[in-house]
Amino acid sequence: MPVGPLIFFYTRAIITPGWRIDKTHRRHFYPTIIDLVPYLAAIIYLIGYFLKMITPNPAPWALFIDNYNTYADIPRWLSISVYLYASYRLIQVNSGQNSTYKWLRSFILAFALFQFVWLCFMIPYLIPRYNTPLLEQVGWYPVMIPMVVLIYWMGIKGFLVFKTGDKNAYKRTLARITSDEVSQTLVLLTRLMEEEHLYLKPDLNLEMVSKHIQLPPKTVSAVLNNQLQLSFNQWVNGYRVAAFKQRVVQANCGHLTLAGVALECGFNSQASFQRVFKQLTGMVPSEYRDSVTS
């Protein structure tokens, strides 16, 4: 059940840069309870079995779960189909000819094709007299094989589209700005980090930076990528790691753990901090601390 809303929100996020899911969108995921009913039934049976409140006969429960999953495919199929249509309409309303929009349109149409294949399988599957012979003859392969093809296609095609699209966007953006504007952008970005310390904000993103210096996000990305050979995240994390190195040797941070120091320096999780620090320094944070404090 969450697949349909996620497709729609993915489409909306690509079309509207800076848009984020918030609490008001929770209602789209409430129907997920449909997927949880079989698990709840299994849990109730197990609890009742161990508490000796239910007859130790799983057959009726298994039959209920099988029958439930059979007919629960109807709202699942309808949910994805409705959200696919809403996504396609969103693309049409914001129609454009750039590669991202073309990719989104292809993605939606490919998923719609899978929906058609699923429907062709689901109709006989829902009819009791055809259900068992269908599964005995072909199993779930008519649905699973197209699903695997779709997943691999989405991954490979999406990666190639965005990788090519990013490079072309940088080139087009740089072609429109002068060398003086590039220099001015670098000065503003440096001031933003070294004087205003904006990297200390854990939720810092490209849109926030572009608003602070009043330049388009594409310009900021193009300058960072072509002048510094860094992505936005690499650029920000470089400042955070430098701040960590300075902070960890200070006497007044002895009461903090490495994770605590990392959070003060702008990292939003210990896992991302560990990964980024190892990438930039070649050692884990504890090794660095030991090397500078020994």
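Annotations for the structure displayed:
- Within the range 243-255, none of the residues are surrounded by 13 or more Cβ atoms within 10 Å (Cβ to Cβ), under 27 Å from W19 (Cβ atoms) and among the β-branched types (V, I, T).
- Test: residue in the range 85-92 that is open to solvent by 60 Å² or more (accessible area, probe 1.4 Å), under 26 Å from the mean Cα position of the chain (by Cα) and touching a residue at least 60 places away in the same chain (Cβ under 8 Å): no
- Put simply, of Y71, Y49, Y45 the only residue that is open to solvent by 70 Å² or more (accessible area, probe 1.4 Å), modelled with pLDDT of 90 or more and farther than 15 Å from A13 by Cα is Y71.
- Filtered by the rule that a residue be open to solvent by less than 70 Å² (accessible area, probe 1.4 Å), under 19 Å from E264 (Cβ atoms) and not in a helix (DSSP H, G or I), the range 199-224 gives P202, L204.
- Restricting the range 154-185 to residues that are loosely packed, with under 14 Cβ neighbours inside 10 Å and under 22 Å from L109 (Cα atoms), the residue that is modelled with the lowest pLDDT: T164
- Within the range 177-190, residues that are over 17 Å from G238 (Cα atoms) have Cβ atoms under 7 Å from residues that are not hydrophobic (A, V, I, L, M, F, W, C) in these pairs: I177/T219; V182/Q227; T185/T219, counting only partners at least 6 apart in sequence or on another chain.
- Residue within the range 21-42 that is out of contact with any strand residue (DSSP E or B) (no Cβ under 7 Å at 6 or more places or on another chain), open to solvent by less than 40 Å² (accessible area, probe 1.4 Å) and of a type in the set (D, E, K, R) present: yes
- Single match in E287, E207, E264 (criterion: free of Cβ contacts under 8 Å to residues at least 12 places away in the same chain and not basic (K, R)): E287
- Selection within the range 1-30 - within 21 Å of Q115 (Cα to Cα) and among the hydroxyl-bearing types (S, T, Y): Y10, T11
- In the range 105-124, the residues that are without any contact (Cβ under 8 Å) to a residue 24 or more places away in the chain and over 16 Å from S87 (Cα atoms) reach residues that are part of a helix (DSSP H, G or I) and open to solvent by 30 Å² or more (accessible area, probe 1.4 Å) with C-beta atoms within less than 6 angstrom, at least six apart or across chains, in these pairs: F121/P142; P124/Y130; P124/L134.
- Only a single item in (1) open to solvent by 80 Å² or more (accessible area, probe 1.4 Å); (2) over 28 Å from the mean Cα position of the chain (by Cα) is not met by V292, and it is number (1).
- Considering the range 225-241, and only residues there that are more than 21 Å from S272 (Cα to Cα) and in a helix (DSSP H, G or I), the residue that is most open to solvent (accessible area, probe 1.4 Å) turns out to be Q227.
- Exactly one residue out of I108, I123 is in a helix (DSSP H, G or I), open to solvent by less than 40 Å² (accessible area, probe 1.4 Å) and at pLDDT 90 or above, and it is I108.
The values are calculated or read from the model by the stated rules, or taken from the named source; none is laboratory data. The structure presented is a predicted model; accordingly, all values stated were derived computationally and were not measured. Counting neighbours? That spans all protein chains shown, and the Cβs are built from the backbone with ideal geometry, glycine included. The protein model used for the area step is the full one, side chains on, heavy atoms only, and it has no ligands, DNA or RNA in it. Shrake-Rupley method; radii C 1.70, N 1.55, O 1.52, S 1.80 Å.
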